[in-house]
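Undergrad: Can you read through this structure? Questions will come right after.
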Amino acid sequence: MKRLYILLFSALACSSLQAQNKFNLLVGTYTNTCQSNGIYVYEFDADSGSFKVKNSSENVISPSYLSVSADNKFVYAVNENGNQSAVSAFGYDSPTGKLTFLNKNDALGADPCHLINDDKNVIVANYSGGSIVVFKKNPDGSISEVQQLIQHEGKGVNAARQEKAHVHMVVFSPDNKFVLSNDLGLDKVFIYKYNPNSKNEMLTLKGSVDVKPGSGPRHLTFSKDGKFVYLVQELDGTLTTFSYDKSGSLKAIAETSILPKSFTGGTGAAAIKISPDGGFLYVSDRVDANNISVYKILKNGNIELVEQLSTLGKGPRDFAIDPTGNYLLVAHQYTNDIIVFKRDKATGKLTDTGKRIELCSPVGLVFTKI
């Protein structure tokens, strides 16, 4: 009898472990270039790298970037559509992958490209609008009209790309006391003090940090211990390391380039992410490069290049590492696919699994619990 109990316990433990290694993969897309329903939900098996489609939204316009609530019950999406851009809220049933449209409101700025949320607010970066907007959350998960609008002003040295402010990202500091925002047009990273309970002054400017003129800061990520920030700059492929302290201060301490030696083609750095164990940094590059760079993160915050490899498609706009760290998935905006790479946890290196998710213009990826 004891042996039977042990066998039953082992079987239950194994099935539980298998369930834990299955996640939902949410994909935001552009809907103006090919046939797309908007947001797609796949079940992803982090043991095998296999996947299956579960559900999708209906008739949602270009939900290019997504943010999921901490309780896994709501999804927020930008609707990147020029001067008609909006931000949408959805109810989210993770077991089925069903998305229920709640409401949307005007972004008050053209082409929102990034957003974050907590239990009080949804904060959005308007790229073409050059602004940050903050929506309040209603009890049912829907969003209010914009309660705060912060307009950036100025321009940079690149006349073609920096003719005005272009806010490209908003991100919470690890302790949620600050919101950092990259402005590609102004070559600045802004630091805002975050006041979540305020009615219309949720963000108040603490200061800003200048980066190299013409570099175009795009996305950043915090180290696992919160002591360092890694910023990739779209226009010249610069990768800058900052020290960060709890007062919200950034100080540049190192700089490198993600461009391969002797590379002469077009570049357009895109996404930057850290592995779940905090040991490796990944950065994608587009235009002619279409590759991903892998760096090992050292204890002092410095980084060492491990490898650079092709993403096997065109326009690697975003990528995501599954929560177990087993796989890295790259979304290609122009070749209409997501490439599944196996990830070596010890070395950080990537190998092609041959698995492909084919869908229209994928540009934003996020994993959630089922």
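The values are calculated or read from the model by the stated rules, or taken from the named source; none is laboratory data. For clarity, every value in this text was computed on a predicted model and none was experimentally measured. Methodologically, a virtual Cβ is constructed for each residue, glycine included, from the backbone with ideal geometry; neighbour enumeration extends over all protein chains shown.
Undergrad: Need a quick list: strands (runs of 3 or more DSSP E) entirely within segment 108-183 having at least 1 residues that are more than 22 Å from the chain's Cα centre (by Cα).
TA: 143-151
Undergrad: Considering only residues of segment 276-302 that are surrounded by fewer than 19 Cβ atoms within 10 Å (Cβ to Cβ) and closer than 20 Å to residue 344 by Cα, which is modelled with the lowest pLDDT?
TA: 299
Undergrad: Here's another thing I want to ask about it. Scan segment 14-38 residue by residue and report those that are among the small types (Gly, Ala, Ser), at pLDDT 50 or above and more than 15 Å from residue 331 (Cβ to Cβ).
TA: 19
Undergrad: Assuming residue 53 fulfils every condition listed in (1) surrounded by fewer than 24 Cβ atoms within 10 Å (Cβ to Cβ); (2) out of contact with any Asp or Glu (no Cβ under 6 Å at 6 or more places or on another chain); (3) aliphatic (A, V, I, L, M); (4) more than 28 Å from residue 352 (Cα to Cα) apart from one, which condition is it?
TA: Among (1) surrounded by fewer than 24 Cβ atoms within 10 Å (Cβ to Cβ); (2) out of contact with any Asp or Glu (no Cβ under 6 Å at 6 or more places or on another chain); (3) aliphatic (A, V, I, L, M); (4) more than 28 Å from residue 352 (Cα to Cα), residue 53 violates only (4).
Undergrad: Output the qualifying pairs, or none if there are none: Cβ atoms under 6 angstrom, residues six or more apart or on different chains, first residue in segment 322-350 and under 19 Å from residue 22 (Cα atoms) and in contact (Cβ under 8 Å) with a residue 12 or more places away in the chain, second residue surrounded by 21 or more Cβ atoms within 10 Å (Cβ to Cβ) and polar (S, T, N, Q).
TA: Every condition considered, the pairs that remain are 330/311.
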